[in-house]
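This report concerns only the one structure given below.
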Amino acid sequence: MAKPLLWLTLVCASTLSLFSGYAAGLRLELTHVDAKGNFTAEERLRRATERTHRRLASMGMGIGAGAGVAAPVRWSETQYLAAYLIGDPPQRAEAAVDTGSNLIWTQCAECRLIPGGRCFHQDLPYYNSSRSRTALPVPCSSAACAAAETQCSRGRGGEAEECAVAAGYGAGSVVGVLGTEAFAFASGTTARLAFGCVLASELTPGSLDGASGIIGLGRGALSLVSQLGGGGGANKFSYCLTPYLRGAAAKPSHLFVGASAGGGLNGGLPVTSVPFAENPEEYPFSSFYYLPLTGITVGKTKLAVPAAAFGRRRVAAGMWAGGAVIDSGSPFTSLVDAAYRAMRAELVRQLGASLVRPPPRAGGGFDLCVARVDDAGGEVVVPPLVLHFGGGGGDLVVPPDNYWGPVDADTECMVVFNSAAGPGGSLPFNETTIIGNYMQQDVHLLYDLGNGVLSFQTADCSSM
């Protein structure tokens, strides 16, 4: 997104030499946000559907470059949370993990003290930089202050310049100052990282579900993977997401950054690799993970959808529509209109009389549903999907459990949506395919940024 016009500043004194060259691996336990509550599987599906629709709606509300054109935005709904310690002595923090944005940030206690400061609710105490011996500001001369989310700004009253930071999301925007601090993670890993000390925010209430901030895993210089990777062979991360709709409750998932990423990926089942599609240079499109999706098969039937339907095009200066983005922050997948209509028609043909109306209590938005057991007492068999990728890449087989979900004890509904439908159906989002995290469950995904390749392998993510 474009930077907000208003940049909030804060007086900080001190200089630093920015830490870099981190080589050790990092392992983070990820908790699905619904694990905080005692929700049934049906309630978890309903909550995930509501998050998906809000995220899709938010993607039509970016900073426009012309009439009817908006930038697709990043995080708008919390999905996976990671805990860490910041400062010395350490202070507890919790962040939403987002592959669609770059900045690492946490809300700072100063939001309560300065004019114009606006705090959002969080479950843990605010981070207080004045109580840490390791907190340092980032000067304007630092390379970190040349990132897309930063801007050198004059302090209030004409004080010395400082590095201000701002980020926009589907849930709103945050502003503050860029600093560095000591971070410690449960795996025993420690590192000095550049992060945003957020002093004011305008966020949808409850959008962070009590978390303190965000850990960005995008392609930008300030993301966690870029800072820990240092641009070398360790510039990679992987994650394995456990199912969160089936079973009593979601078990912890895991994120690996640096040398530990992709561990165990080459053993056992086959590994498929796909080159990332080339990114636009304009921010925020430069931060996303585009894949060269070329087609879809339903069961054994290849859909008559041209590869161009998944292509990307410039719709205005600095604005791009289309493409296929893999996203950890969106619960369910959305397909461009041509692909969605073809997939729906083929599923109707194959499932035939097994299709039923969505239960009234399931809420809106479900297009296709089946009874878990048919009239003869047999289990209804839903075909798998296959996503085909170009650039010499392979295929991703999507089992029914990764694109259908239980809406009640008797009914399963398809949880893939049409990009062009609903309140978010405007340029450029209505031409963009988003591969959501539900379709990624029990798949170990390795983002190798150094080699420009995404590798994936079917896995039991609860055992990692």
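Summed over the residues of segment 91-197 and divided among them, the accessible surface reaches 38 Å² per residue at a probe radius of 1.4 Å. Set the Förster distance to 30 Å, then compute FRET efficiency between T31 and N451 from the Cβ-Cβ distance, nearest 0.05. Computed FRET efficiency for T31 and N451: 0.50. Pairs of Cα atoms nearer than 8 Å and 6+ residues apart set the relative contact order; for segment 234-366 it is 15 percent. Between D442 and S462, the distance separating the two model label sites (each 7 Å from Cα on the Cα→Cβ line) works out to 0.9 nm. Electrostatic tally near D88: other residues with Cβ closer than 13 Å to its Cβ, Lys and Arg +1, Asp and Glu -1, net +2. Cross-link partners among aspartates and glutamates for K236, C-alpha distance below 14 Å, same-chain residues fewer than 8 apart left out? Qualifying aspartates and glutamates at Cα under 14 Å: D448.
Taking a sphere under 14 Å around the Cβ of N128 and counting the other residues whose Cβ falls inside, with K and R at +1 and D and E at -1, yields a net charge of +1. First select every other residue whose beta carbon is under 13 angstrom from the beta carbon of L228; then total the charges, Lys and Arg +1, Asp and Glu -1. Residues close to L228 contribute a combined charge of +3.
The values are calculated or read from the model by the stated rules, or taken from the named source; none is laboratory data. The structure displayed is predicted, hence computed values, not measured ones. Note that we place each Cβ from the backbone using ideal geometry, even for glycine, and neighbour counts take in every protein chain shown. In case anyone asks, the SASA skips ligands and DNA or RNA and just uses the protein heavy atoms, side chains included. Shrake-Rupley method; radii C 1.70, N 1.55, O 1.52, S 1.80 Å.
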